[in-house]
Structure formats: structure tokens, C-alpha cells
Amino acid sequence: MSQNSLNIFYEEPKDDRWLPYDRYPREWIRRIVRGKPRPGGVMMVALELMRGLDKIGVDYRFNDYNYIKNNPNELACVIGKPHLIFEKRIPKNPILFGAGVYSHPIDCPDLFVKYPNVKKILVPGEWMRQMCVPYYGDKVLAWPVGIDTNKWIPFTNEKTFDVLLYDKIRWEHDHFNNILLQPIIKYLESKHLSYSIIKYGSYKQEDFLEKLKVSKAMIFLCEHETQGLAYQQVLACDVPIFAWDRGGYWQDPSYYPDRVMYETVSSVPYWDVKCGMKFKDYVEFESYFNFFFEKVKAKLFSPRKFIMDNLTLEKCAEKYVEIVNFLY
């Protein structure tokens, strides 16, 4: 590699809403009312990548715009978001862009024409890469960020709950509450299995950890994931998962079905038999859950091993550095 340190960039867009420059007092008021903001998904990618680089001893600069402008031949690693490219904050340097990209290539189908300094684009997983290939060809690569396996660890606590039910149903929630979530709850109750529920977007990580400590297994309900940090954190805790993996079309209503119809997606894009089992609908849930839970009780799954073999902070940071080196 021809440069000593990586140049990493990540910023959230800060748009005015009602008046020029009102972004600043709005941010200040939000901080007072809500407290310190929790990192979102893309911010976590940047933070965890840098932690992985720390672990493998790779130096980096973070948001050093003066340096990058004064060294136009060095690669800029733009984790996200797209406005850093679209606003030409990094106008001349070659760019590795992602994984905090826009949702679908139709938002910028001519990315590599408008911004020829973008050399590769990273997306979080393989099905999303395949969705992008018709637009970007071999310019798009799948790269996942790593999981902190020192924070997300197996727990020796007494398991007071049989199941942690993770509700990340994002669209048509009322519909799937009726045909999936409530039938699952009734099934667990009919089998005298204890459970607790956690809902995406309404918990702190500390709450999640506390529930994982006392849960033997997790049922994961989500239409699809591009990477799925939460379920991978569960796997790192050595908690097996029974995952709703419906497949089919990408469901984002901003695109589907009028603008984009892409299949096949997955709710657990990084997975093998060590992690647990999957089901497509309630019929399959009812058919296979008992078999899954018997395997849980017999300790026949080893989900943490899957994470340690594939998705640690170190392994994913090493893969990122390999991609950077390839571009040189």
C-alpha cells in the first residue's frame, strides 16, 4: 500500500428544515431533550471498523479533510453517507465508498459516470451486492463490519427465559402481528415456554444484553437484513436463533413494487447450520420449532463459533484492508 494510514470519512447529513441554518439550534435542542444520541447503523459501521483497525494495528485518520485535499492521490475511505461525495467534499481523491450507501442504485444509476474517482462501492451483504450488479457490475463488493466479541459474549447466568422474541417487523406490522407474531406467542404459551419480547428501535443495548443473559434462544422476526448486526450480536453471545427468513422480494415501500422488484432477499444473510434454524411462515414455525428447541437444550448449535470464524472485528477489518490494498 502506498500510504501509511487509511483516510476514513463518516458524517451524517445535517439539513436545514424550516429556516436557513436551523440545523444547529435543532441539534442543540435535541441533545438537551433526548440526551446523547445513540449511534445509528451506518455510524456503527464506521466506529466498529475503526475499532477493528485498532485491534490489528492499522493506522487511520478520521475526517481529516485538510489532509486528504492536500494529498489528492491518496484513497479516501468514505463509509457514509452519500452527501460527502455528492457535495464534493472530497473532490479529487480516489474513493472507496460504503458500506453506508443509498438504498438502491436507481437513486444514482450513473454514480461511476458522474463521480469517476469512486473506484469501488461496498454494500453490507451478498444479496444486496447481487441487487446492485445490473447497475454497477464488478464495481460493487460485499463487505460486512465486524462484531465486538469482547462485548457480546456467552453468559453463564441462569436462563430464566426459554425464548427472547425479537420484533423487527418494519412494514405491514399489523398484518404480520395477526398472522405471525401473535400466533407465535400463543404457541409458546400453549407449550408453557417462558418468553420476553424486545422491539427494534425501542431499547438500549444494555437492555438487549440483559435479556440475552437470561434467554436460552431467540426468535428473530424481520423481513430482510442487508447485514443484521443485532442478530449477529446474539450469535456472538452463543444464543441460537430461530429466524423468520421469508425470502421473496425486497419489501422497502419507498421502492417496492412500483420502482424496484428484486428477489431473493434474506433476513439472515450471514448464516450456517451452527447458528440455528430458519422458517418461512407460521406453518413452518409450528412444524419445526420443537425440533429447534430440542437441539437448543441438547446444545447442538455453536453460533459463537460462526461469528469467531467469520465476523470478528479483526477479520472484517483485515478484509477491508485487503480491499484497500487491491485498489492500489
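Please treat every number below as a calculation from the coordinates, not as lab data. Just so it is clear, the structure is predicted and the values come from calculations on it, not from any experiment. All Cβ positions, glycine included, derive from the backbone under ideal geometry; neighbour counts span all protein chains shown.
So here's what we get for this one:
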{"quantity": "Phi-based couplings in Hz for the stretch 173-178 (Karplus 6.51, -1.76, 1.60; Gly and Pro marked x)", "calculated": "4, 4, 4, 6, 4, 6"}
{"quantity": "Where the Cα pairs of the stretch 180-328 fall when distances are cut into 5 Å bins, in %", "calculated": "2, 8, 16, 19, 20, 15, 10, 6, 3, 1, 0, 0"}
{"quantity": "Neighbour-count ranking [beta-carbon atoms within 10 angstrom, fewest first] of M128, M50, M44", "calculated": "M44, M50, M128"}
{"quantity": "The stretch 161-310 - percent relative contact order, Cα under 8 Å, separation 6 or more", "calculated": "25"}
{"quantity": "Cα-centre dipole for the stretch 243-328 with unit charges at Cβ (Lys and Arg positive, Asp and Glu negative), debye to 20", "calculated": "400"}
{"quantity": "Nonlocal amide H pairs with Y60, under 5 Å, H built at 1.01 Å", "calculated": "L6"}
{"quantity": "Convex hull volume per residue in cubic angstrom - Cα atoms of the chain", "calculated": "158"}
{"quantity": "Across K216/K315; K213/K274; K213/K299; K159/K213; K159/K295; K168/K278, pairs whose alpha-carbon gap is larger than 18 Å", "calculated": "K216/K315; K213/K274"}
{"quantity": "For the chain, the longest site-free run once GluC sites (Glu not before Pro) in DSSP loop states with at most 15 other Cβ atoms within 10 Å are removed", "calculated": "173-328"}
{"quantity": "Calculated FRET efficiency for the pair D272/K299, C-beta based, R₀ 22 Å, to 0.05", "calculated": "0.85"}
{"quantity": "Debye, to nearest 20: dipole size of the chain, +1 on Lys, Arg Cβ, -1 on Asp, Glu Cβ", "calculated": "640"}
{"quantity": "Estimated dipole of the stretch 161-310 in Debye, rounded to 20 [Cβ of Lys and Arg +1, of Asp and Glu -1, Cα centre]", "calculated": "540"}
{"quantity": "Per-residue ³J(HN,Hα) for the stretch 107-116, Karplus 6.51 cos²θ - 1.76 cosθ + 1.60, θ = phi - 60°, Hz, x for Gly and Pro", "calculated": "6, 7, x, 9, 3, 7, 7, 5, 10, x"}
{"quantity": "The chain - mean residue ellipticity at 222 nm from DSSP helices (-39,500 (n - 2.57) per run, n ≥ 4, rounded to 500)", "calculated": "-10500 deg cm²/dmol"}
{"quantity": "Fewest-first sequence of Y328, Y65 by Cβ atoms within 10 Å of each Cβ", "calculated": "Y328, Y65"}
{"quantity": "Backbone HN-Hα couplings from phi across the stretch 147-159 [Karplus 6.51/-1.76/1.60, Hz, Gly and Pro as x]", "calculated": "9, 6, 7, 8, 8, 9, 10, x, 10, 9, 4, 5, 7"}
{"quantity": "Alpha-carbon centroid distance for the pair the stretch 158-193 / the stretch 249-304, whole angstrom", "calculated": "14"}
{"quantity": "Degrees separating the helix 282-297 axis from the principal Cα axis of the chain, which is the longest one", "calculated": "80"}
